[in-house]
Amino acid sequence: MAEAIIIRESDGVIATGGGDGQVIGLWLYGKSAATQRAYLADSGRLLAFAKYKPLAAITLADLQAFELSLGELSTESRRRIVNSIKSLLTFCQKIGYLQFNVGAAFKAPKTENRLAERILTEQEVLTMIALTKKERDRVLLTLLYASAGRCSEVCALQWRNVQPSGKSGQVTLFGKGGKTRAVKLSAATWKALLALRGAAGPDEPVFVSQKGGALDESAVRRIVKAAAVRAGVPGDVSPHWLRHSHASHALDRGANIVLVRDTLGHSSLAVTSRYTHAKPNDSSALHLAV
């Protein structure tokens, strides 16, 4: 019989005396608040579907039936949930909590690769920046694009993370997977960033909200969306589109793919290579008579 587990998706709480709930807590440890909320909801959904069987008793057939129960969701949502459960089961085996990982044979549904739709043109990016009159927001857009930083990474920047380097400077970003990376900026971006500092101390946020604290991610998403609307850019443009655009434009301009990988903080070249396939500069179609 499974140990008592209380999972409340509304406030992201796991309460347990041990067992599965404790392991889920360990799995969540160190992840961002948003990731914890999503993973907690996913694991709670699986446990509820399986009528709170212990994780060790969940079979591949249970996982497949669970995936079928998600049929009302979009393919992307189902894929995210399945990958979340696979991550949990892999973690359980890795720490010795489960002898076998039935999730290894559990396949996530394939989704259409829509990366090309989320890459802006250079002109679109520059227009978004140029039409943004508020200095803080203009520098924010510039840095999101220039550093390829994730929204959470840029929101977390403090002035101690901004250092001179040669004739310009760099920002040190701490992000996904607990990785730290330094990104050198152009002289123009560096100058614009420094102009924003004023008398701010090293522990103060680079991008300050109207209330005085660090700008949060929801505010950044609104700023980016508003800039896209002003520039006449269609689609649900988000801060991550500027990261995608950085990668694509840098590769188009001849940047080495290893350099682009390191700047974006990707885990492998395979991830970065998606950008070379999303908007190819050549294809066999161009060699035809039509």
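Say each of LYS225 and ALA65 gets a label point 7 Å from the Cα, pointing the same way as Cα to Cβ; how far apart are those two points in nm?
Here the answer is 4.0 nm between the modelled labels.
Which shape class, rounded, prolate or oblate, goes with segment 243-290 when its Cα gyration tensor gives a ≥ b ≥ c as root eigenvalues, a/c under 1.5 marks rounded, and past that a/b bigger than b/c marks prolate?
Here segment 243-290 falls in the prolate category.
Averaging sequence separations of C-alpha pairs under 8 Å and six or more residues apart, then dividing by the length of segment 5-105, give the relative contact order as a whole percent.
Reported relative contact order: 23 percent.
For GLN158, which sequence-distant residues (separation of 5 or more, or a different chain) have an amide H within less than 5 Å of its own amide H, given hydrogens modelled in the peptide plane?
Excluding prolines and chain starts, which carry no amide H, the hits are VAL206.
Shape call for segment 148-234 from the C-alpha gyration tensor, a ≥ b ≥ c root eigenvalues: rounded (a/c under 1.5), prolate (a/b greater than b/c) or oblate?
rounded
Long-range amide H contacts for LEU185: which residues qualify at under 5 Å (H placed 1.01 Å from N, peptide plane, sequence gap of 5 or more or a different chain)?
GLY169, GLN170, VAL171
Cross-link partners among lysines for LYS53, C-alpha distance below 18 Å, same-chain residues fewer than 8 apart left out?
Within the straight-line cut-off, LYS53 pairs with LYS86.
What trypsin sites (Lys or Arg not before Pro) does segment 211-245 have in DSSP loop regions with at most 14 other beta carbons within 10 Å?
Here the sparse-neighbourhood loop sites are LYS211.
With r defined as the distance between the Cβ atoms of LEU115 and ALA199 and R0 fixed at 41 Å, what FRET efficiency is calculated, to the nearest 0.05? Walk me through the numbers before you get to the answer.
Values: r = 42 Å, r/R0 = 1.02.
Calculated value: 0.45.
Using a 10 Å Cβ count of at most 16 others and DSSP loop calls, identify the longest part of the chain lacking such GluC sites (Glu not before Pro).
113-290
At most 14 other Cβ atoms within 10 Å and a DSSP loop assignment: could you name the trypsin sites (Lys or Arg not before Pro) in segment 70-157 that fit?
Details: sites: ARG78, ARG79, ARG80, LYS86, LYS94, LYS107, LYS110, ARG114, ARG118, LYS133, LYS134, ARG136, ARG138, ARG150; in loops: LYS107, LYS110, ARG114, LYS133, LYS134, ARG150.
Those satisfying the criteria are LYS107, LYS110, ARG114, LYS133, LYS134.
Can you find, among SER245, ASN83, VAL102, the residue sitting farthest towards the positive end of the charge dipole of the chain, where Lys and Arg contribute +1 and Asp and Glu -1 at Cβ?
So the residue furthest toward the plus end is SER245.
Can you compute the charge dipole magnitude of segment 116-280 about its Cα centre, using +1 on each Lys and Arg Cβ and -1 on each Asp and Glu Cβ, nothing else charged? Give it in debye, rounded to the nearest 20.
120 debye
Among the lysines, which fall within straight-line cross-link reach of LYS133, defined as a Cα-Cα distance under 29 Å, with same-chain neighbours fewer than 8 residues apart omitted?
Within reach: LYS167, LYS184, LYS191, LYS211, LYS225.
If the only charges are +1 at each Lys and Arg Cβ and -1 at each Asp and Glu Cβ, what is the size of the charge dipole of the chain around the Cα centre, to the nearest 20 debye?
540 debye
Might you report the magnitude of the Cβ-based charge dipole of segment 193-235 about its Cα centre, with Lys and Arg at +1 and Asp and Glu at -1, to the nearest 20 debye?
On the way: 6 positive and 4 negative charges, 59 e Å.
In debye, rounded to 20, segment 193-235 gives about 280.
What is the helix-to-structure angle for 33-49, meaning the angle in degrees between its Cα long axis and the longest Cα principal axis of the chain, kept from 0 to 90 and rounded to the nearest 10?
With both axes taken from Cα atoms, the answer is about 30 degrees.
What are the aspartates and glutamates whose alpha-carbon lies under 17 Å from the alpha-carbon of LYS94, with same-chain residues fewer than 8 places away excluded?
ASP20
With the contact rule set at Cα under 8 Å and sequence spacing of 6 or more, what percent relative contact order holds for the chain?
This gives 14 percent for the chain.
Each residue of segment 207-224 in turn: what ³J(HN,Hα) in whole Hz from Karplus with 6.51, -1.76, 1.60 and θ = phi - 60°, glycine and Pro shown as x?
Values per residue, Gly and Pro as x: 10, 9, 7, 5, 8, x, x, 5, 4, 8, 5, 5, 5, 5, 4, 5, 5, 5 Hz.
In deg cm²/dmol, rounded to 500, what helix-only [θ] at 222 nm does the chain give when every DSSP H run of at least 4 residues adds -39500 (n - 2.57) and the total is split over its residues? Please report the intermediate quantities before stating the final value.
Numbers: 13 runs with 136 residues, N = 290.
After summing the helix terms and dividing by residue count, I get -14000 deg cm²/dmol.
Rounded to the nearest 0.05, what FRET efficiency do ASN101 and ALA255 give with R0 = 35 Å and r taken as the Cβ-Cβ distance? Could you check?
E between ASN101 and ALA255, to the nearest 0.05, is 0.35.
Mind sorting HIS240, HIS249 by how few other Cβ atoms lie within 10 Å of their own Cβ, fewest first?
HIS240, HIS249
Tell me the label only: which of (1) 125; (2) 187; (3) 137 is volume of the Cα convex hull per residue in Å³ as calculated from this structure?
Computed from the coordinates, volume of the Cα convex hull per residue in Å³ corresponds to (2).
Every read-out reported here was derived from the displayed coordinates using simple, explicitly stated rules and does not represent laboratory data. Keep in mind that what you see is a predicted model, and the values were worked out from it rather than measured. Backbone-built Cβ (ideal geometry, glycine too); neighbour counts: all protein chains shown.
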